[in-house]
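Data block below; observations after.
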Amino acid sequence: MTPAEAHTALNRLPLLEGVPAAVRARLAACARPARYATGAVVFRRGDPGADGMLVVLDGLVRLHLATGAGRELTLGLAGPGEPVGEVALIDGGPRSADATALTPVRGLMLRHAEAMAVVAGDAATALALLRTLAARLRRTTDQVEAVGLQHLPQRLASALLALAAADPSGLVRLPQGQVAALVVASRPKVNAALSVLRLRGMVEPVRAGLRITDPTALRLVAEGG
């Protein structure tokens, strides 16, 4: 990816709205292209944060925590136009969670030291980063609320819609076991919930994965309708 292409990509990011064009150009000049295959580790909890922030251009990244017993809690999903690791961009500290590519991911990496050299002294850019951190906190709160207050069909419908939106062919290709981890439920319960969605004509299995056949109805389920 050329600096001009990186500049174009950063210009489209909501998190940089209000940032002067000259600053965006400097950030693009120090951005590095990054690619991850499905299942690849973007970073682990505790890793040094010097690499800073990944801006997802294509694909889907899962942010999650794991316990010693092997259980996992999904903190959120980051898709096109969204940042991953924004806290480390600011403080350069250790990663606070794991990040894994759910699909093939293409993005831009903004290293802590280089980005801070650009941000220093520019109030608009600092404000944009604060907005990004606020959005991250909201996403985490929404995820905790979903696990604690939403029924499994709602969580499953939301996850299926996000996965399909991130796939170029509109399919859900994630194995059922990983979908179960994503919605914090056992595989048998996810299988039963998927069976109900199939019977209601919202999804159908295909060779390559799962196709959403009635996105409007599935969205209503995700909204609790």
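The values are calculated or read from the model by the stated rules, or taken from the named source; none is laboratory data. Bear in mind the structure is a predicted one, so any value in this text is a computation, not a measurement. Every residue, glycine among them, receives a Cβ derived from its backbone with ideal geometry; neighbour counts consider all protein chains shown. All accessible areas refer to the heavy atoms of the entire protein, side chains included, with ligands and DNA or RNA removed. Shrake-Rupley method; radii C 1.70, N 1.55, O 1.52, S 1.80 Å.
Condition check: out of contact with any Ser or Thr (no Cβ under 6 Å at 6 or more places or on another chain), under 19 Å from residue 62 (Cα atoms) and at pLDDT 85 or above. Does residue 200 satisfy that?
On the way: out of contact with any Ser or Thr (no Cβ under 6 Å at 6 or more places or on another chain): yes; under 19 Å from residue 62 (Cα atoms): no; at pLDDT 85 or above: yes.
No.
Here 125, 140 are screened, and the one residue that is more than 22 Å from residue 106 (Cβ to Cβ), touching a helix residue (DSSP H, G or I) at 6+ places or on another chain (Cβ under 6 Å), of a type in the set (Val, Ile, Thr) and modelled with pLDDT under 85 is 125. Among the residues examined, residue 47 qualifies as at pLDDT 85 or above, among the charged types (D, E, K, R) and closer than 19 Å to residue 91 by Cβ.
Out of the residues in the range 187-220 meeting the condition of being open to solvent by less than 40 Å² (accessible area, probe 1.4 Å) and part of a helix (DSSP H, G or I), tell me which one is farthest from residue 175 (Cα to Cα). It comes out as 217. If the condition is being modelled with pLDDT of 80 or more and not aliphatic (A, V, I, L, M), then the range 143-166 contributes 151, 153, 154, 155, 158. Which of the residues that make up the range 1-21 are more than 21 Å from the chain's Cα centre (by Cα) and part of a loop (DSSP other than H, G, I, E, B)? Passing the criteria: 1, 2, 18, 19, 20.
Would you confirm, using the coordinates I've provided, whether residue 17 is exposed (fewer than 13 other Cβ atoms within 10 Å of the Cβ) and farther than 30 Å from residue 156 by Cβ?
yes
Tell me yes or no: at least one residue of the range 93-110 is part of a loop (DSSP other than H, G, I, E, B), of a type outside the set (Ser, Thr, Tyr), in contact (Cβ under 8 Å) with a residue 60 or more places away in the chain and open to solvent by 20 Å² or more (accessible area, probe 1.4 Å). Checked against the condition, which is being part of a loop (DSSP other than H, G, I, E, B), of a type outside the set (Ser, Thr, Tyr), in contact (Cβ under 8 Å) with a residue 60 or more places away in the chain and open to solvent by 20 Å² or more (accessible area, probe 1.4 Å), the range 93-110 yields at least one hit.
Restricting attention to the range 22-66, the residues being open to solvent by 10 Å² or more (accessible area, probe 1.4 Å) and assigned to a strand (DSSP E or B) number 14.
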